[in-house]
């Protein structure tokens with residue numbers, strides 16, 4: 001028997017390590033329409049004194065929206081999703097709480113640069129208004145050493161991509177580790193892109209660690225032009241799949 005044809009492997013395994021998970025939940029249509037109406041009324045009140053957003057600009061609200069009565073149903077959905085995720089992860093904890101909640105509105109041409117949410121365990125985003133051309137979020141590879149060498153690839157797979165594009169629509173809820181870098185491409189639609197963000201932290205840590213580390217903690221107008229975050233083209237893998245947190 002030649003060396004080339006000789007059997008040389010009795011077993012072979014690929015061992016996945018240190019996964020980065022993003023949970024995608026789609027709320028029932030009737031529920032999310034009810035939530036949207038309540039939340040949009042609050043945002044209209046907060047933005048009432050302000051001029052309309054100019055193209056390329058964005059606005060972010062105060063970070064205490066979760067304390068408002070109009071947000072009660074949305075907060076309940078977030079808490080149920082987070083409870084299921086912590087159970088899935090087999091995390092031991094006494095209590096968790098929402099440490100911040102704010103709205104982000106992006107006008108046509110506005111983007112949101114790469115960022116993460118320090119001093120929190122999980123982050124949540126609820127998508128209130130999306131449109132074709134304003135219906136995705138980019139997640140970036142959190143492994144700092146993975147980009148040391150990047151040979152060309154002949155096909156994108158979960159094992160060679162450095163950026164994953166997740167499609168969203170009205171009523172989508174995403175939950176992900178707060179350390180995970182994410183960004184939003186420039187709004188290519190004619191309508192505003194509106195989302196509600198949450199930070200979640202274990203209650204024992206919230207008093208000193210979980211306060212937002214940006215802005216003045218009040219409503220603010222933010223310039224958010226489209227940016228090239230890297231000179232090389234990103235390897236974007238697109239994902240469109242919902243997760244059932246009850247499983």
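In terms of the Cα gyration tensor, with a ≥ b ≥ c the square roots of its eigenvalues, is the range 44-197 rounded because a/c is under 1.5, prolate because a/b exceeds b/c, or oblate?
Details: a/c = 2.07, a/b = 1.13, b/c = 1.83.
The shape class here is oblate.
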Review point. Taking the mean number of other Cβ atoms within 10 Å as a proxy for protection, how do you rank 11-22, 191-202 from highest to lowest?
Key: 191-202, 11-22
Practice item. Mind running the shape call on the range 99-170? Use the C-alpha gyration tensor, a ≥ b ≥ c as the square roots of the eigenvalues: rounded below 1.5 for a/c, prolate if a/b tops b/c, oblate otherwise. Key: oblate
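For 106, 173, 86, 209, what's the fewest-to-most ordering of other Cβ within 10 Å of each Cβ?
209, 86, 173, 106
Every number in this text was worked out from the coordinates using simple rules, so none of it is lab data. Treat the numbers as computed from the prediction; the structure is a model and nothing was measured. We place every Cβ from the backbone using ideal geometry, glycine too, and count neighbours over all the protein chains shown.
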